[in-house]
Every structure is written in structure tokens, then in C-alpha cells.
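Readers should treat all values here as calculations from the given coordinates under stated rules, not as data from a laboratory. All figures in this text were calculated on a predicted structure; none of them were measured in a lab. Cβ atoms come from the backbone with ideal geometry, glycine included; neighbour counts cover every protein chain shown.
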Amino acid sequence: MEHWVLGYESSIRLSFFLGLFVIMAILEAQFPRRQLAHKPMRSGRWVHNISLSFLASVLTRIILPISLVSFAIDCQASGMGLFNLPFFDDTSGLLLFVISLVLFDLIIYWQHRIFHFVPVLWRLHKVHHSDQHFDVSTGIRFHPLEILASIAIKFAVVFIFGLSAESIIAFEVMLNGLALFNHSNVKIPLSIDRLLRKFIVTPDMHRVHHSQIPSETDSNFGFNISLWDHLFGSYQDQPKLGHEGIEIGLREFNKGRKPLQFFKLLMMPFHSSQK
Ligand SMILES: [Zn+2]
């Protein structure tokens, strides 16, 4: 099992990611929730957002000596981490798997909140929020340093809790997949949105988080399970200006009809950190 996991992990994740990216891109072009941006803005943003994501993947591969999955297998082999203690020997693997996914998602929720409120971390995360439009490409627009910080947190989580390789792969596929889904500009019928929202974060729910109104930016932090925002008081049902009127992005980048350039995005954390 371990060899199988290690051998196919990257291929599984990459195929799933690319497949879903293309599907969401087609769906949002066919059934847009909001009017599409004019073409130069749209294609420019896509080039910069995809470039950021590509750079983050390359840097991660170069910098990290070991993948998160290999690390989990090593932890398991040496009995490190809470779930690898003998106490959990009789616990069903399926139960631990489900607990691991929920636990990981809870930590990612709080990680997101902390990235909003700690100024130095907001400098990294604001690159994601500086996107003037909201579509599937926004879901991969993260500064490489934010990706590296997030991976460091995941290593700590795996070390502390001893999460299995299978649960990590499942979580990463779920996180990447739902990030593409809930950043997309796809029109979902209200009744289906209402039903989905009971369980997962939908595009209408996450769009509120990309509003320029600070109280809306600081709401709906969840990426996967919608429960956390209800539980921790950060849920906002709809944007004040409605989904057609909502202004996306950050006020400081309102000027200009051109998308922010790749190099400017890379240097953004080293400039001002106002929200
Ligand atoms: Zn955010």
C-alpha cells in the first residue's frame, strides 16, 4: 500500500487538479454567476495566477527534502504522533481516517483566520485577496511563501497527530478540489446552493469572503466544511450588495483596469500591509 501511495500520489493529485480546473473553467464560461471580466483583464489575471501557482509548485519541490506523505509514512513506522500510539491500535482505520479529515479541515480554517489577523501573515495572504475578479483561477492564486508556510503547518500537524498517508492524500485532493469549486464563477441554482451549504462551502458562500467590505472579508473563512463558520461565529449568509453588486478584491488595488502583474504580486508582501 505504501509503495502504491508513494508511486502514484503526484499523478493522482495532478490529474484530479487539472481535470477539475478545466471542468470548472468550462462551466463558469457557460453558466457565469457574475458578468465575466473583459478579455484583457481575464486572460492577464489567468496568466499571472497560473504562473504564481506554477512557481509555488516548483519551489516546494526544490525546497522540501521530503513530501508530506513520505513524512507521514516515516512517522507511522517510528510510532510518532498521537494516532500512532498503541492506545489507538484497536480503533477502526475508517474512523481515524474520517477524524483526520475533519481535524485537518478545522486546522486549515483557523490557519486561514490567523492569516487574516496577524499582519505579517496578511502580507502573504493579501496576494490571494488582491484579485479584482473571482473565478477558478483565484483558487490557485497564492503567494509561494504562503504555500510554504501552509505546508510547514501541515508537517507539524502530521507530526503531532500521526495522520496516515491515505488521509493526507484524501485531504489534499479534497482541499484543492473544493478550492477550485468554491472560487469558481459558476451559477448554481439557489435551492442547490442552500442544500450544499449545509455541508460544504459553495461559491456563493466563499464569494462573500472576497468582498472589499472589511467585515465581509473577515467572514466565511472555511474552505471545505461549512460548519466551522457557523460554530465560530464567522458566517455571513450573503454579501450586503448582492452577488451582482459585490465589489471583489481590496480597495487599495481598485485603480486601473489592468490586472496586477506577476512580479508585483511576488513583491506585494514586502510592501505595505494595510487591509
Ligand atoms: Zn482569506
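Things worth noting here:
- Annotation: average projected area of the stretch 152-275 is 10.0 square nanometres, based on the convex hull of Cα atoms across all directions.
- Based on Cα atoms of the chain, Rg over Rh with Rh as the Kirkwood radius reads 0.97.
- In terms of surrounding Cβ atoms within a 10 Å radius of their Cβ, D218, D89 rank from fewest to most as D89, D218.
- The order of Y8, Y109, Y235, going from fewest to most other C-beta atoms within 10 Å of their C-beta, is Y8, Y235, Y109.
- Cα-based helix-to-principal-axis angle, 68-77 vs the chain, degrees rounded to 10: 20
- Helical mean residue ellipticity (222 nm; -39500 (n - 2.57) per DSSP H run of 4+; nearest 500) of the chain: -19500 deg cm²/dmol
- Kirkwood Rh in Å, taken over all unlike Cα pairs in the stretch 54-138: 16.3
- Fluctuation leader among Q238, Q35, Q132 - the chain, Gaussian network, Cα springs under 10 angstrom: Q35
- In degrees, nearest ten, helix 119-129 long axis to first principal axis of the chain (Cα): 70
- Lysine pairs meeting the criterion (Cα under 22 Å, 8 or more apart or interchain), as found in the stretch 2-269: 13
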